[in-house]
There are 2 protein chains.
Amino acid sequence: MTGKAGKEQEKGWIESLELPLPSLSDNRGDADRLAEALRRKIGVEGVRVDLDLLQQIPDRLREWDYRLRCILFKERAGWTLAGIVPPDRGRPAGIAVDLGTTRVVLRLIDLATGEILAQEGMDNPQIEIGPDILTRIHYAGTQRGLADLHTRIIRGIDERIRALCSGQGIDPEEIYLMAVAGNTAMSHLFLGISPKWIIREPYIPGVNMPGLVRGRALGLDINPCARVLVFPNIGSYFGGDLIAGILYSGLHKSPETALLVDVGTNAEVVLGNENWMMACAGAAGPALEGGVTRMGMMANPGVIDRVDIDPETRHFSVRTIADAPPVGICGSGLIDLAADLFLSGMIDIQGRFVPEKCNDRLKEIDEVRHLVVVSEDQSGTGADLYLSQIDLDSLIRSKAAMYTILETLTHTLGISFDEITRFNVAGTFGAFIRPESAIAIGMIPDLPRERFKVMGNSSLEGATRLLQSRDAADEIYAIREGITYMELNVNQEFMNRFSAAKFLPHTDRSRFPSVNAAGI
Amino acid sequence: MTGKAGKEQEKGWIESLELPLPSLSDNRGDADRLAEALRRKIGVEGVRVDLDLLQQIPDRLREWDYRLRCILFKERAGWTLAGIVPPDRGRPAGIAVDLGTTRVVLRLIDLATGEILAQEGMDNPQIEIGPDILTRIHYAGTQRGLADLHTRIIRGIDERIRALCSGQGIDPEEIYLMAVAGNTAMSHLFLGISPKWIIREPYIPGVNMPGLVRGRALGLDINPCARVLVFPNIGSYFGGDLIAGILYSGLHKSPETALLVDVGTNAEVVLGNENWMMACAGAAGPALEGGVTRMGMMANPGVIDRVDIDPETRHFSVRTIADAPPVGICGSGLIDLAADLFLSGMIDIQGRFVPEKCNDRLKEIDEVRHLVVVSEDQSGTGADLYLSQIDLDSLIRSKAAMYTILETLTHTLGISFDEITRFNVAGTFGAFIRPESAIAIGMIPDLPRERFKVMGNSSLEGATRLLQSRDAADEIYAIREGITYMELNVNQEFMNRFSAAKFLPHTDRSRFPSVNAAGI
C-alpha cells in the first residue's frame, strides 16, 4: 500500500488544543471554552456539537487536563465537531469511499497524518438486485425496495470497514469521518433517498447537496458522532464522483485548459481551467443511449485488458488480469483489439471485418461474422472467445459518441483540441486504457501522447483528498458552483458529427495524422 | 386559557413556500430547490435538514404540488428545517417549558398563529430524588444517577405533552419545536449533561450555549426531526430562565432603566436598559447561603398566600390557595404576615415578637417563641400553624440579603433606586407577592407602587415568546452577550450593608418614608 500524506502546508481535520484552565475569573462552560478556542485558533464560528459528544465534554476535559485533539469536518459554512480524543492516545481515522455502481472501493486514512493505511474493494452488494442502475432505481420504487438497497450498501460498507480496521488494529469507533463519492443515483441509494425522479423527465434528483450526515443516521457502525460527507452532485447525470475526480485532477486550480474524461457507467467530460469549467455527460439522447456503456466485462482475473496484433504476421498476443487463462475482454482490451485490428487492416474504415485479412479467424455464426480472438484450446472457458460484428458496431457507436461529445464541447466553447494541454482519463475503464489505441480508432483526439494522463480511480483519490485536506471541503463546492453543465442537444448538427465519427478513425483523416493504418 | 398571538409585525417559525416547478431548464434537486427558495425568501443560508426529513422531501413536494409550509428554527447563525407540512392541512405546534426545580409548566403553542392552546403544570418528577437541586446534583454523580434524573424529567415532560396534545386533538408527531427555560443545573439535567462541576469551585457549567438539540436525541416522543432550544445560561448561577425572563420583560429593549427580580430557588437580579445590563445572583457567599431560598411552602391548596392583620384589633384574616383550610404558608404569605406583624407592632424593628402586642397568640415551645397564625380549630392539619422566632429570623436574613443585593448592584453602577422606572418581579414567588408588604419589611426599596410590575411566570412567558417570534431567537443571544455578570463580593462593606438591612424596614428609616408602622 502506498501511503500519501497530505502536503505539508495543507491542514487536515485534526486540531490540537490546549484550553485555558477554568478559574473563578474565567468560569466559561466547558463546551463554550472548547468552542471559543476553536474560534480563536481557526476561525470556526458556531461549531456544531452533537448532544452525545456534549455530554462527554466536561469529564473528558478534566481527565485530559484540558488538552485534546478535535476531529472537525465541514460542509459549506457549517463546521461540526465529530469527536474529541486525548492529545497522545487514540488513532482517529477516516474512510474514503468510491461508491461505484459495479465496484465499491474503500480506503482507511489516518486523520492525523493523512496516510493511507489500507484499501479494500468489493462488488457493489446491490448487484444481486440488478447489475445496472436502472434496474435498481425501478426496484427502489417497490415496497421496501429502497430500504433493501440502502441496507445492502450500508451493510456491505460496514463489513469492509470492519475488515480494514481489524487489519490495522483500529476500532471502528475510531472512524470519525467518511467521504463518499458516487454517481447521483448511487449517492441517493446510499442516503436512502428515492432516486425515482432522476430517470423521469425532467430528471430531478432528490438532493444535490446532502451536506454532512451522521453515520449513525445512515446505520453505519462507526463512531456515533461520526460525520459522512457525500460529494455533491451537479445533477442527475453528473454526480459527486466527477466532482471528486476534478478535485483530484486539479483542473479547477490550473491556469492551463485541461480535459477530464471519466468513462464508467456513463461517459462524463469536463473541460476547463481555474477560470471556467464546462461539463457534459454521455448517456444523453437516444442515439447515444447505452452508447459508451456496454463495452466488455468487469476487470476480473482472466479478463483480457490488452491485445497486441503484429501488423505483419497478424499474430495476436493477449494479456489478462492476474495472468489467468483468458475468459473474456474488458473495455480497454476491446479498444486495444479494435485499434490493432484496424491498424493491421483486419477491419476497414467502417469497422467491418476484412475477410482476406482475417482468414481463418473469421467465422459466420447465425449469419453474423465473428472473429476468434482466443481459440478454445487457449481460452479459460474451453470455448472460442469471439468478437462479433455486432460487438464491433457497438464499440464504434461508443467511440463515435465519445468523440462527438468532445467535439461538441470544444466547438461550443470555441476552442480547438490542440489547446487542451492535458487530457486526464479517469474511471475504472480509464485506469487500463492505452491512449494510442483510443486515438487509433478515433475515440479521442490525436494529441501528443504526453498530454494524456491516466488518473486511476480519481473518484477514490478525490474522496481521499477530502479526508487529508481541510481546504478540499471548500474546493468541492467551488468546483460545483464553477461548472456549467451543458445539456447535450442531439440535433441535426450533432448527428452529422456523430455520423462522421463512425468511421475509423474519422471521415476526416487529417484529424488523425499520427494514425498509420495498414488499410487506409 | 388566555391566548396571546405574536404581534402582527413579528414573524413566527412557519414559512409558506410555493416552489418553482421543476423543468428541463430548471432541474435543481428537490431539497436544493427548497433550500434556495428559503434563501431567497428569508435569507436563510445553508439551512440544515436531517436525513430523515431529506428522505421525505421528493415525494412530499410532488404530493403537495410544490406548495408547502416549512417549520424553521434557529440558533445563532444556524437555521434548521424542523419539518414540512402541506399548505392547508396539519397543525404544527410547539411546546414552551418553564423547567423549574420544583415545578415544571408546559404550554402548547400553535406555531401558525402563535396562539397558546393549553397549559399544564406538574411537580418536577426529580423531587422524589431530592427537593433541592444540590441533592440532585450529588445524586447525578452516582452510578446511573444522571441517567435516572434525565429520564425522569423527560418522561414527565412527555406525559404532559401527551395530555396537552390529546386535549387539543393534536398528534405529538405535530410537535416540531420546543423552547426550554430553566436554571443552569436543571438545564444540564434535562440535557443529560453532568452538573457536577457547577457546584465545585470554580463553578463551571458543562455548557452555557447548548444550541438546538434534536428532541429524539433527548428521548422525547415528539416529531423525529423536532428541535429543542434550551435557553443559554450566563453561568452556573445565572440560568436560561432569567434570559427568558428578560426577553419577556423587554428590559433589554427599553430606553428606561428597569430592574428584574426573580426569586425562585435563588434570587437573581438584573438591572439595565437597551444599552447595558448588569446582573447578580443571590446565593453568593456564606452570609447569604440559603438566605433568600427558605421561605415557606410551595403554592398548593390550603397554603396561605395572603395575610391581613387589622392594626387596631390585630385580627388575622388569611387567604389560602383554592380557599382550602389552611395547612401552611408560602413565601408571599410569609412576607404579608411579617409586614402586618410589623405594621401592627407585634414585632419590633429587629424582628422580635413583642409579647404585650401578641398576647395569647404567643407560645414558648422548646425555649423558642412561636406565634399562632391559625389555631388548631381553624387549620386544615388539626394543629396550630405557627410562625417561630427562628422562621422570622430566617425571613429577615432573606429580606436583608435581597435589599443588600439591590443596594450593592445600584451602588456599583452609581445609580439611585429612584432612577429605576420599572421594578419587575418575576418567578412563582413573585407571582403572588404584594409590593406593599415587601416594602414594609424593607425587602425592596420604597418606590411608587405603580413602578412595580408582577410578571407572573416570566420564564414560561419568555419560552412562549421564542416560539411565537423569529426575532426572539436573536434577542436571547443578544441579551446573553449584553449582560455583565457581577460576582457578589461579600466583603466588609457588603456585611455592613447587610447588617443595616436586617432591621425593619432598615436602620435608616428615611429610606422608607411610606412605611408607617405602629411601633416606630
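The values are calculated or read from the model by the stated rules, or taken from the named source; none is laboratory data. All values derive from a computational prediction rather than experimental measurement. Positions of Cβ are generated from backbone atoms using ideal geometry, with glycine treated the same way; all protein chains shown enter the neighbour counts.
Looking at the range A:348-363, can you tell me whether even one residue there is among the aromatic types (F, W, Y) and under 22 Å from A:R434 (Cα atoms)? Spell out how you get there, then give the answer.
We begin by selecting, within the range A:348-363, every residue among the aromatic types (F, W, Y); these are A:353.
Keeping just the survivors that are under 22 Å from A:R434 (Cα atoms) gives none.
For the range A:348-363, residues among the aromatic types (F, W, Y) and under 22 Å from A:R434 (Cα atoms): absent.
Take the range B:50-67 and flag every residue that is over 17 Å from A:G211 (Cβ atoms) and either in contact with a His (Cβ under 6 Å, 6 or more places away or on another chain) or crowded, with 22+ Cβ neighbours inside 10 Å (or both).
Of everything in the range B:50-67, just one residue is over 17 Å from A:G211 (Cβ atoms) and either in contact with a His (Cβ under 6 Å, 6 or more places away or on another chain) or crowded, with 22+ Cβ neighbours inside 10 Å (or both), namely B:L61.
Here is a yes/no grid of residues against (1) surrounded by fewer than 24 Cβ atoms within 10 Å (Cβ to Cβ); (2) under 18 Å from the mean Cα position of the chain (by Cα); (3) under 29 Å from A:C280 (Cβ atoms):
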{"site": "A:W197", "(1), (2), (3)": "yes, no, yes"}
{"site": "A:P202", "(1), (2), (3)": "yes, no, yes"}
{"site": "A:V207", "(1), (2), (3)": "no, no, yes"}
{"site": "A:G211", "(1), (2), (3)": "yes, no, yes"}
{"site": "A:A217", "(1), (2), (3)": "yes, no, no"}
{"site": "A:D221", "(1), (2), (3)": "yes, no, no"}
{"site": "A:C225", "(1), (2), (3)": "yes, no, no"}
{"site": "A:F231", "(1), (2), (3)": "no, yes, yes"}
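Return the pairs, sorted by first residue and then second, in which the second residue is of a type in the set (A, V, I, L, M, F, W, C) and surrounded by fewer than 17 Cβ atoms within 10 Å (Cβ to Cβ), the first residue lies in the range B:75-101 and is within 14 Å of chain A (Cβ to nearest Cβ), the beta carbons are less than 8 Å apart, and the residues are 6+ apart or on different chains.
What qualifies is B:A77/A:A77.
Given the residues A:G167, A:G182, A:G219, A:G215, which is the only one that is small (G, A, S) and farther than 18 Å from A:T151 by Cβ? Break it down stepwise before answering.
Numbers: A:G182 fails: farther than 18 Å from A:T151 by Cβ; A:G219 fails: farther than 18 Å from A:T151 by Cβ; A:G215 fails: farther than 18 Å from A:T151 by Cβ.
Exactly one residue qualifies, and that residue is A:G167.
Do we have A:E201 as of a type in the set (D, E) and within 14 Å of another protein chain (Cβ to nearest Cβ) here? Please lay out each step first, then the result.
Working: of a type in the set (D, E): yes; within 14 Å of another protein chain (Cβ to nearest Cβ): yes.
Considered against the rule, which asks whether it is of a type in the set (D, E) and within 14 Å of another protein chain (Cβ to nearest Cβ), A:E201 comes out as yes.
Among the listed residues B:T101, B:T184, B:T151, identify the single one that is surrounded by fewer than 17 Cβ atoms within 10 Å (Cβ to Cβ), not acidic (D, E) and not assigned by TED's automatic domain parsing to the domain that holds B:R480.
None of the other options fit; the residue is B:T151.
If you take the residues in the range B:45-56 that are touching a strand residue (DSSP E or B) at 6+ places or on another chain (Cβ under 7 Å), at negative phi and without any contact (Cβ under 8 Å) to a residue 60 or more places away in the chain, which one is nearest to the other protein chains (Cβ to nearest Cβ)? I'd like the intermediate steps shown before the answer.
Taking the range B:45-56 and keeping what is touching a strand residue (DSSP E or B) at 6+ places or on another chain (Cβ under 7 Å), we get B:46-49, B:51, B:53.
Imposing the further condition that a residue be at negative phi reduces the set to B:47-49, B:51, B:53.
So of that shortlist, the ones also without any contact (Cβ under 8 Å) to a residue 60 or more places away in the chain come out as B:47-49, B:51.
Working: B:V47: 10, B:R48: 7, B:V49: 8, B:L51: 4 Å.
Among those that are touching a strand residue (DSSP E or B) at 6+ places or on another chain (Cβ under 7 Å), at negative phi and without any contact (Cβ under 8 Å) to a residue 60 or more places away in the chain, it is B:L51.
Quickly run through the range B:492-502 and pick out the residues that are closer than 20 Å to B:R352 by Cα and either part of a loop (DSSP other than H, G, I, E, B) or at pLDDT below 90 (or both).
Within the range B:492-502, B:A501, B:K502 qualify.
Of all residues in the range A:429-445, which are in a helix (DSSP H, G or I) and in contact with a Cys (Cβ under 9 Å, 6 or more places away or on another chain)?
Filtering the range A:429-445 for residues in a helix (DSSP H, G or I) gives A:429-430, A:435-440.
A:F429 - this is the single residue of the range A:429-445 that is in a helix (DSSP H, G or I) and in contact with a Cys (Cβ under 9 Å, 6 or more places away or on another chain).
Quick test of your reading of the structure: A:V263 fulfils all but one of (1) touching a Leu at 6+ places or on another chain (Cβ under 9 Å); (2) crowded, with 24+ Cβ neighbours inside 10 Å. Name the failing condition by number.
Result: A:V263 passes all but (1).
List the strands (runs of 3 or more DSSP E) that sit entirely inside the range B:50-103 and contain at least 1 residues that are at pLDDT below 95. I'd like the intermediate steps shown before the answer.
Working: elements: B:67-75, B:78-85, B:93-99.
So the answer is B:67-75, B:78-85.
Would you tally the residues in the range B:473-520 being among the β-branched types (V, I, T) and free of Cβ contacts under 8 Å to residues at least 40 places away in the same chain? Full working, then the answer.
Filtering the range B:473-520 down to residues among the β-branched types (V, I, T) leaves B:476, B:479, B:483-484, B:490, B:507, B:515, B:520.
Imposing the further condition that a residue be free of Cβ contacts under 8 Å to residues at least 40 places away in the same chain reduces the set to B:507.
Of the residues in the range B:473-520, 1 are among the β-branched types (V, I, T) and free of Cβ contacts under 8 Å to residues at least 40 places away in the same chain.
Tally up the residues in the range A:109-160 that are free of Cβ contacts under 8 Å to residues at least 60 places away in the same chain and among the hydrophobic types (A, V, I, L, M, F, W, C), please.
Matching residues across the range A:109-160 total 8.
What number of residues within the range A:23-39 satisfy the criterion of being among the hydrophobic types (A, V, I, L, M, F, W, C) and facing chain B (nearest Cβ under 7 Å)? If you could, list the steps in order and put the result at the bottom.
Of the range A:23-39, the ones among the hydrophobic types (A, V, I, L, M, F, W, C) are A:24, A:31, A:34-35, A:37-38.
Keeping just the survivors that are facing chain B (nearest Cβ under 7 Å) gives A:24, A:31.
Total satisfying the criteria: 2.
Condition first: outside any strand (DSSP E or B) and among the aliphatic types (A, V, I, L, M). Now tell me which residues in the range B:15-49 satisfy that. Outline the logic, then answer.
First, pick out the residues of the range B:15-49 that are outside any strand (DSSP E or B): B:19-22, B:24-25, B:27-47.
B:L19, B:L21, B:L24, B:A31, B:L34, B:A35, B:A37, B:L38, B:I42, B:V44, B:V47 - these are the residues of the range B:15-49 that are outside any strand (DSSP E or B) and among the aliphatic types (A, V, I, L, M).
Checking A:E174 against (1) at pLDDT below 95; (2) touching a strand residue (DSSP E or B) at 6+ places or on another chain (Cβ under 7 Å); (3) among the charged types (D, E, K, R), which test does it fail?
Failed condition: (1).
Consider B:N359 against the criteria (1) buried (at least 19 other Cβ atoms within 10 Å of the Cβ); (2) of a type in the set (S, T, N, Q); (3) out of contact with any strand residue (DSSP E or B) (no Cβ under 9 Å at 6 or more places or on another chain); (4) more than 30 Å from B:W276 (Cα to Cα): it satisfies all of them except one. Which criterion is unmet?
Among (1) buried (at least 19 other Cβ atoms within 10 Å of the Cβ); (2) of a type in the set (S, T, N, Q); (3) out of contact with any strand residue (DSSP E or B) (no Cβ under 9 Å at 6 or more places or on another chain); (4) more than 30 Å from B:W276 (Cα to Cα), B:N359 violates only (1).
Out of the residues in the range B:453-485 that are over 22 Å from B:K11 (Cβ atoms) and among the β-branched types (V, I, T), state the one that is nearest to the chain's Cα centre (by Cα).
In this case the residue turns out to be B:V454.
Each row is one residue, and each column tells you yes or no for (1) outside any helix (DSSP H, G or I); (2) within 14 Å of chain B (Cβ to nearest Cβ); (3) surrounded by fewer than 21 Cβ atoms within 10 Å (Cβ to Cβ).
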{"position": "A:K453", "(1), (2), (3)": "yes, no, yes"}
{"position": "A:V490", "(1), (2), (3)": "yes, yes, yes"}
{"position": "A:L504", "(1), (2), (3)": "yes, no, no"}
{"position": "A:P513", "(1), (2), (3)": "yes, no, yes"}
{"position": "A:N516", "(1), (2), (3)": "yes, no, yes"}
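Name the residues in the range A:347-360 that are without any contact (Cβ under 8 Å) to a residue 60 or more places away in the chain and closer than 30 Å to A:A267 by Cβ, would you?
A:R352, A:F353, A:C358
Taking the conditions exactly as written (on the phi > 0 side of the Ramachandran plot and within 14 Å of chain B (Cβ to nearest Cβ)), does A:G206 satisfy them or not?
Details: on the phi > 0 side of the Ramachandran plot: no; within 14 Å of chain B (Cβ to nearest Cβ): yes.
So A:G206 fails the test.
Quick one: which residue in A:I84, A:I71, A:I14 is closer than 30 Å to B:R144 by Cα, under 31 Å from the mean Cα position of the chain (by Cα) and not aromatic (F, W, Y)? Full working, then the answer.
Details: A:I84 fails: under 31 Å from the mean Cα position of the chain (by Cα); A:I14 fails: closer than 30 Å to B:R144 by Cα.
Unique residue meeting the criteria: A:I71.
So, in the range A:241-260, of the ones that are modelled with pLDDT of 95 or more and closer than 22 Å to A:I193 by Cα, which residue ends up surrounded by the most Cβ atoms within 10 Å (Cβ to Cβ)?
A:A244
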